[in-house]
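The values are calculated or read from the model by the stated rules, or taken from the named source; none is laboratory data. Keep in mind that what you see is a predicted model, and the values were worked out from it rather than measured. Methodologically, a virtual Cβ is constructed for each residue, glycine included, from the backbone with ideal geometry; neighbour enumeration extends over all protein chains shown.
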Amino acid sequence: MERHAIITGGAGFIGSHLVDRLLGQPGWHVSVVDNFHPFYPREVKEANVARHRSNPAFDLIEGDILDDDVLKQAFEQTKGRQTMVVHLAALAGVRPSLADPIGYHRVNVTGTLKLLEAARHYRAAHFVQGSSSSVYGDHPAVPWKEDLTGLKPISPYAATKLAAESFVQVYARLHGMDCTVLRLFTAYGPRQRPDLAIHGFFRKMIDGKPIQQFGDGGTQRDYTYVGDVVDGICRAMDRPMARKPGQGAYEVFNLGNSEAVPLRVLIASIEGVSGRKAIIKKLPEQPGDVHRTLADIAKAREQLGYAPQTTLAEGLGQFARWFATVGPVGKAVG
């Protein structure tokens, strides 16, 4: 039976890399649902999926996950196929969520719930939820393990991602759905969103403009190369299911690199790769930003065989080579 993946947000950064990976394997049909949200220029996402438009194993459904007709169109493709859902669509970013918490809740929570309902109705074989390391908040038990309790998100964005996780767990328990939650840690690499730090820093250094450094440069992030993230997603899609009686097989996995890199080290690394010196504008730390993220990936390593291979220097080099070739699309962002 042909395998069918519905990838929400599949024209975006991580989603388009996942599309590349699946269509490069035999036996997959991929349906992308993406609303081309104006959070960044449309031509960026158009370029991400341009190579697949003529592929008969690829469908692009432009629309919102809150639209029932859009979901019906995507799930009607399930007939005669084994379908799994990889839900990567979301309103992203901590700082924008402070200004629009209701909008973030509507897309990230209600949108997830509508997608779960559609997946239940059409009997999808597996529901994979793209979550975020932000759900851990500033939990002191670093590195973070998936079974930590007492999670206290510190931004509306993080709260919506944790709420979405809760609904996924409920559907696994109540409806016997096989569900996997993946907590992603600061993905970067070619096609990274223009609002994210690495992309923004590269662009501004090359243009000779100052970059904004929030705080003293000591904040730390677990930067994870997009190729390693996609490898983890694919492994999660194919993971063995250990079901409990009357319930689906629900698990949570961290997908990180398991290395906390200080902001000042990241900036120095980008200087080395780009050959430019950063002009730094220091600003106060921002509300909603956590001081440190660091994944414990022992569970993903043991159960999924997940093993990130890409060092920060290698990943930044890959980003720099992509950035040098994107031409007008790259210059249009930000």
With the condition kept exactly as written, say whether any residue in the range 289-308 is part of a loop (DSSP other than H, G, I, E, B), of a type in the set (D, E) and at pLDDT 95 or above. yes
Being of a type in the set (A, V, I, L, M, F, W, C) and in a loop (DSSP other than H, G, I, E, B) is the filter; apply it to the range 1-39 and report the residue that is farthest from the chain's Cα centre (by Cα). M1
With H126, H87, H105 as the choices, which residue is surrounded by 17 or more Cβ atoms within 10 Å (Cβ to Cβ) and touching a Pro at 6+ places or on another chain (Cβ under 9 Å)? H105
Considering residues of the range 112-122 that are surrounded by fewer than 18 Cβ atoms within 10 Å (Cβ to Cβ), over 20 Å from the mean Cα position of the chain (by Cα) and touching a residue at least 12 places away in the same chain (Cβ under 8 Å) only, the residue farthest from Q169 (Cα to Cα): H121
Go over the candidates I211, I233 one by one and state the one that is in contact with a helix residue (DSSP H, G or I) (Cβ under 9 Å, 6 or more places away or on another chain), β-branched (V, I, T) and farther than 16 Å from L266 by Cβ. I233
Enumerated helices (runs of 4 or more DSSP H) restricted to the range 187-281, each holding at least 1 residues that are more than 22 Å from Q309 (Cβ to Cβ): 197-207, 263-274
Just the residues that are basic (K, R) and not in a helix (DSSP H, G or I), please, taken from the range 67-88. K79, R81
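Residues checked against (1) at negative phi; (2) surrounded by 15 or more Cβ atoms within 10 Å (Cβ to Cβ):
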| residue | (1), (2) |
| --- | --- |
| D178 | yes, yes |
| F185 | yes, yes |
| R191 | no, yes |
| A197 | yes, yes |
| F201 | yes, yes |
| K204 | yes, yes |
| D207 | yes, no |
| G217 | no, yes |
| Y223 | yes, yes |
Across the range 46-66, the tally of residues that are assigned to a loop (DSSP other than H, G, I, E, B) and either within 19 Å of Y122 (Cβ to Cβ) or of a type in the set (S, T, N, Q) (or both) stands at 6
Which residue is nearest to T110 (Cα to Cα), if the candidates are limited to the range 31-84 and must be charged (D, E, K, R) and buried (at least 21 other Cβ atoms within 10 Å of the Cβ)? D34
Would you mind stating whether R106 is modelled with pLDDT under 95 and over 18 Å from S16 (Cβ atoms)? no
What about L255, is it more than 27 Å from P284 (Cα to Cα) and either surrounded by fewer than 22 Cβ atoms within 10 Å (Cβ to Cβ) or touching a Gly at 6+ places or on another chain (Cβ under 6 Å) (or both)? yes
